[in-house]
Structures are given as structure tokens and as C-alpha cells.
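The values are calculated or read from the model by the stated rules, or taken from the named source; none is laboratory data. Note that the structure is predicted; figures quoted are calculated from it, not measured. FYI the Cβ positions are ideal-geometry reconstructions off the backbone, even for glycines, and counts take in every protein chain you see.
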Amino acid sequence: NRLACTYPGPSTVCVAESCSDTTGTQTSAAGCDSAGGCSTPTMTSCGLFACNGTACGGTCTADAQCRGSFCNAGVCRTTKPDGRTCGADAECTNGFCTDNVCCNARCNGQCQSCNLSVTSAGTCSTVPSGPPQGGRPACTTDGVCGGACGGLPNACTYGTGSCGGVTCNTTTNMRSAPACSAGQCVATATLCPNGYACNPGGTDCLTACTGDTQCQAQAPACVRGKCFGCDQSTAVGGTWANWPMPNVPGNGPNAARYTLCAGNETIRDNVSGLVWQAVVDATATGRKTWQDAKTYCAGLTLAGGGWRLPSRIELVSILDVTQPSGNAQIDFFTFPITPDEPFWTSSPVVGSPTTAWAVYFQSTGPQAGRVISYDITGVQRVRCVR
């Protein structure tokens, strides 16, 4: 036609058929209108069905074939609000099917429930008491100790009470007191406290002692009803004895008893509780003025330090005037290095500020075992105490 243009007709497709899950709409194919335009396509809603290629689906066998809904018996159905009965997450608007109801959260803690009561169905709640619900793992128990839900959302609450009788191993002095822990009866062994041994029946630890055998090896001395460690002083310092005064063995009460400690570098008096320097400097440099003697003891680092010059009554407490002639007046086996000379005390002579008391451990002669005063500028031997 020389007088007019010719245009494609309906047989020519200008809009292809398509389907959108976003809008839930199927768009039909459209052809040309023979006038240079494109016919308007037909728009069809897919409803709850998802697209099946370029067309809306019309049946389902799985939730994926539904749009914002779930598949049930070949039909896409609207999702359910919280609290409605469900069998799968896809049935619920929030996407959580827990305890057979649609829930506002996953709610899978050991002591949580989304169906705790009629009024709370659909809301994740913490079980306040009793066992876990809805097939969740049971609280651990050994048949003696057990737990229950008690306010914690993700775990059971367990008691810690006793679950058996106390025993005490008389060989090791280890005390075992079974107690519940996380649903199990656990017997944790601990050393008897305060240095005490087990009682003879092995039913518990002692809480006082009457003799050294009732104390552990690391606290071997029973002093006034308590067990003390080798280097642990229990004496109260002062001018006068604030502890039982030792007597020589076989001569009166409180017979002298000693324990060698710290590799035989210190000596514990198990009657008075005092701890003594075992080895003294027996050379010429070991003689010191009274002030130097106090300074020496204060700076002594032997076995952890804490030393001082003993008072007069303290130094007198280790005299042993029953020693045979030729021996220093002291337990020679315990104090083997004791020069036959006076030893300073920290006690000054009252009314005479330039003199102080010393104890003479001479083996024989008129001064043996005597307490004598000396000018503080002179030099005497030193044995420290703590």
C-alpha cells in the first residue's frame, strides 16, 4: 500500500508471558495491535501459590510452592499467628513452631516452653519449677542428686547439699564430704584443716589435739591443744613467759621437746612454741655488741626471716643444767654448736641502761647456767629466735 504503513498484527508477540513471586502476579503474553502499538497484557493474581515457571502454580506438594504460606493437602494456606497449633515452622507467621504451637521465638532452652499454659501459649516462657517440658533433655541425676527447672531458661537448677557421710583417711588425713554437684554426688577429698589428723574412727577430722600423734606431718607439734607447723612460732613474746616453761626430760611437767626444721637450720620448741636459730656463728666474728646483736637478728633471712634477739626468759627456757660435765648447759644433740660462752638477751638491766642480761651456757665452773649482766659495749654470742 503506497498510501499507508503496514504494522504487525496480534500474531506478533510484543510482551512475553511471565510470573513474579514478588508481586504474586502472572502476566499473559500480548501481541501487536496492527496499529503500531502493543496490546495490554492480562494480569492474573496467583493468590497464595508461587509461580511455576511463567505461570501461577495451581497445586502444591511442598511449602516452597507457596508464597508466604504453607502447603497442606495440595493447597497453599495462610500462615498461623502465635499460639495456634502447628506441625512445622512454615505454618507459622513468625516461622517458629515449638511445643506444637506457633511461637514468638525459637524457645529451645532446656527450661523454656512456648506452651506453658493456656494463657501463655505462643509466648516463650521460662519454666519456674518441675522437670523440663516438651521433650527437652531431662535434668542430670545419678539417682541421689537431681535438679529441676528453677528460673534459668537454658539450664536446670541443682542443689549442693550433702549426699553421704563424712569419712577421713587415717593414712593421708584427707577428709571426704560427699555433696551434690550438677546432679551428681561428688566426694571431693581435702586435707584436714589446721594441721589436725583424722579421728581414730576415720569419721572426720579432729578439731583439737592432746598429743603430737594427733597432728599431721607438716604441722607436727601439738601445743596447747593446737597443731603447729615446724617453723610456725606460737609463743607470745614479752618480758615474762606467756607459754608453759619447758622442763628437762624426766624432771617435772612440760618436758622439753624439739623438732628440727628447714633442713636442720631451725629448731622448734614444741613446749614454748618458740623457733630457734639452730646453727650459730662460733667464730670470732660471731661475738657482737648488744646493739649489733639485735641488728644481726633483725636482718637474719634464715628460713624466711622474722628473727629477733630473745628476751631473758626466752633464752633461759632452753637451758639444761642436767647436762653432764663437759657439755654446754643445753640439749647438746638439738643445739650441737653452742660455744661455751654467754649469749646476749634483749632484756636490759632495769636501772642500768648500759648493761643487759646474758645467759651463760658454760659447761663447767661457777658461771654454768647462770644469767649474768654485761656492759652492752662488750661482745657476746648470739642465738636468734622468732
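A compact table of results
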{"quantity": "Residue list for segment 51-87, filter: in a loop (DSSP other than H, G, I, E, B), of a type outside the set (A, V, I, L, M, F, W, C) and either on the phi < 0 side of the Ramachandran plot or in contact with a Pro (Cβ under 6 Å, 6 or more places away or on another chain) (or both)", "calculated": "Thr54, Gly57, Gly58, Thr59, Thr61, Arg67, Thr79, Pro81, Asp82, Arg84, Gly87"}
{"quantity": "Residue within segment 108-115 that is under 27 Å from the mean Cα position of the chain (by Cα) and assigned to a strand (DSSP E or B) present", "calculated": "no"}
{"quantity": "Some residue of segment 370-385 being assigned to a strand (DSSP E or B) and among the basic types (Lys, Arg)", "calculated": "yes"}
{"quantity": "Given (1) at negative phi; (2) touching a residue at least 24 places away in the same chain (Cβ under 8 Å), index of the condition Pro324 fails", "calculated": "(2)"}
{"quantity": "Ser352 closer than 23 Å to Thr285 by Cβ and either surrounded by fewer than 21 Cβ atoms within 10 Å (Cβ to Cβ) or modelled with pLDDT of 80 or more (or both)", "calculated": "no"}
{"quantity": "Residue tally, condition touching a strand residue (DSSP E or B) at 6+ places or on another chain (Cβ under 7 Å) and under 9 Å from Phe361 (Cα atoms), over segment 321-349", "calculated": "7"}
{"quantity": "Of all residues in segment 153-165 being modelled with pLDDT of 95 or more and surrounded by 14 or more Cβ atoms within 10 Å (Cβ to Cβ), the one that is nearest to Asn108 (Cα to Cα)", "calculated": "Pro153"}
{"quantity": "Selection count, segment 58-68, where residues are more than 60 Å from the chain's Cα centre (by Cα) and in contact (Cβ under 8 Å) with a residue 12 or more places away in the chain", "calculated": "1"}
{"quantity": "Criterion: crowded, with 22+ Cβ neighbours inside 10 Å and under 19 Å from Arg257 (Cα atoms) - qualifying residue of Ile318, Ile337", "calculated": "Ile318"}
{"quantity": "Test: residue in segment 281-294 that is at pLDDT below 90 and over 48 Å from the mean Cα position of the chain (by Cα)", "calculated": "no"}
{"quantity": "Residue match in segment 215-238 (condition: part of a helix (DSSP H, G or I), among the polar types (S, T, N, Q) and modelled with pLDDT of 85 or more)", "calculated": "no"}
{"quantity": "Any hit, segment 158-172, residues being more than 30 Å from Thr78 (Cα to Cα), small (Gly, Ala, Ser) and in contact with a Pro (Cβ under 6 Å, 6 or more places away or on another chain)", "calculated": "yes"}
{"quantity": "Filter result for the condition that a residue is surrounded by fewer than 15 Cβ atoms within 10 Å (Cβ to Cβ), modelled with pLDDT of 95 or more and not aromatic (Phe, Trp, Tyr), over Thr54, Thr25", "calculated": "Thr54"}
{"quantity": "Only listed residue being under 17 Å from Glu265 (Cβ atoms) and free of Cβ contacts under 8 Å to residues at least 60 places away in the same chain, chosen from Gly304, Gly299", "calculated": "Gly299"}
{"quantity": "Within segment 4-50, tally of residues that are in a loop (DSSP other than H, G, I, E, B), within 30 Å of Thr79 (Cβ to Cβ), over 60 Å from the mean Cα position of the chain (by Cα) and of a type outside the set (Asp, Glu)", "calculated": "6"}
{"quantity": "Positions within segment 110-135 being in contact with a strand residue (DSSP E or B) (Cβ under 8 Å, 6 or more places away or on another chain) and under 23 Å from Ala90 (Cβ atoms), in sequence order", "calculated": "Gln112, Ser113, Cys114, Asn115, Ala121, Gly122, Cys124, Gly134"}
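Let's see how each residue does on (1) surrounded by 14 or more Cβ atoms within 10 Å (Cβ to Cβ); (2) within 17 Å of Gly183 (Cβ to Cβ); (3) at pLDDT below 95:
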| residue | (1), (2), (3) |
| --- | --- |
| Asn108 | yes, no, no |
| Cys114 | yes, no, no |
| Cys124 | yes, no, no |
| Val127 | yes, yes, no |
| Asp142 | no, yes, yes |
| Gly146 | yes, yes, yes |
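Yes/no matrix, rows are residues, columns are (1) in contact with a Leu (Cβ under 7 Å, 6 or more places away or on another chain); (2) closer than 30 Å to Val13 by Cα; (3) surrounded by fewer than 15 Cβ atoms within 10 Å (Cβ to Cβ); (4) of a type in the set (Val, Ile, Thr):
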{"residue": "Thr42", "(1), (2), (3), (4)": "no, yes, yes, yes"}
{"residue": "Arg84", "(1), (2), (3), (4)": "no, no, no, no"}
{"residue": "Thr119", "(1), (2), (3), (4)": "no, no, yes, yes"}
{"residue": "Arg136", "(1), (2), (3), (4)": "no, no, no, no"}
